[in-house]
1. Report the residue count in region 154-172 for those that are surrounded by fewer than 15 Cβ atoms within 10 Å (Cβ to Cβ) and either at pLDDT below 85 or not in a helix (DSSP H, G or I) (or both).
2. Select from region 70-120 the residues that are in a helix (DSSP H, G or I) and free of Cβ contacts under 8 Å to residues at least 24 places away in the same chain and list them in ascending order.
3. For the subset of region 173-186 comprising residues that are touching a residue at least 60 places away in the same chain (Cβ under 8 Å) and buried (at least 16 other Cβ atoms within 10 Å of the Cβ), which member is farthest from residue 16 (Cα to Cα)?
4. Among the residues of region 188-203, write down those that are in a loop (DSSP other than H, G, I, E, B) and surrounded by 13 or more Cβ atoms within 10 Å (Cβ to Cβ).
5. With (1) part of a helix (DSSP H, G or I); (2) modelled with pLDDT of 90 or more; (3) touching a strand residue (DSSP E or B) at 6+ places or on another chain (Cβ under 9 Å) as the list, and residue 33 as the residue in question, which single condition is left unmet?
6. Those residues that are within 25 Å of residue 128 (Cβ to Cβ) and part of a helix (DSSP H, G or I), I need them from region 173-187; list them, please.
7. Working only within region 1-27, note down all residues that are within 30 Å of residue 67 (Cβ to Cβ) and at pLDDT below 90.
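The values are calculated or read from the model by the stated rules, or taken from the named source; none is laboratory data. Worth saying up front: this structure is predicted, and the values here are computed from it rather than measured. In this analysis, Cβ positions are derived from the backbone assuming ideal geometry, glycine residues included, and neighbour counts consider all displayed protein chains.
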């Protein structure tokens, strides 16, 4: 007789930070959406930003919208896991909601570049699991960018020029997957997440569970 999920022994664990990075067009956004759709224990990190809300964006869901002076206070108080200035606006990840989620055994997904990952690694320690997504070839990457029909040829060229620099940081990541087949790539990322969740050091509840076994309970 097979066990249902509710029948399985539940052992307390600490959540983790799952980072996905890739050059633009390599598929990390599609992978992120697939993970979030299939996993109730995984949620997307919500960044703070000094830019104004766009139509349809919701405070606390899409971003935490802040005035520059308030954002700078977070920086000065060391209350951001990572931050950067992009096109004149600041973006960053407040540490408080992330730490609260991790303590509750919830996992947080980050869609950030190598620079953000480097900053995060300095603060996150063992909580961080980083994955870099590579395209199967530069020609395939360029084809995907053009197929999105979101950018002009000039912008595509700029993204391709930037891709080489981004790819050069692949060795800084815990895992590297090649997105030559989207379904297979998603399956590999899910397998990584599943394995990382049961790492011994993430499961403080193991101590009491093993103690109960040795004492005959």
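1. 7
2. First, the residues of region 70-120 that are in a helix (DSSP H, G or I): 70-76, 95-103, 114-120.
Correct list: 70, 71, 72, 73, 75, 76, 96, 99, 100.
3. Going residue by residue through region 173-186, those that are touching a residue at least 60 places away in the same chain (Cβ under 8 Å) are 173, 179, 182, 185-186.
Subsequent filtering for residues that are buried (at least 16 other Cβ atoms within 10 Å of the Cβ) retains 173, 179, 185-186.
Values: 173: 15, 179: 23, 185: 20, 186: 18 Å.
Checking each candidate, the answer is 179.
4. Residues satisfying the conditions are 199, 203.
5. It is condition (3) that residue 33 fails.
6. Start the filter on region 173-187 by keeping residues that are within 25 Å of residue 128 (Cβ to Cβ), which leaves 173-179, 182, 184-187.
Matches in region 173-187: 182, 184, 185, 186, 187.
7. Correct list: 24 only.
Residue-by-condition table, conditions (1) under 28 Å from residue 197 (Cα atoms); (2) at pLDDT 85 or above; (3) in contact with a helix residue (DSSP H, G or I) (Cβ under 7 Å, 6 or more places away or on another chain); (4) surrounded by fewer than 13 Cβ atoms within 10 Å (Cβ to Cβ):
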residue	(1), (2), (3), (4)
86	no, no, no, yes
98	yes, yes, no, no
106	yes, yes, no, no
113	yes, yes, yes, no
122	yes, yes, no, yes
127	yes, yes, yes, no
137	no, yes, no, yes
140	no, no, no, no
148	no, no, no, yes
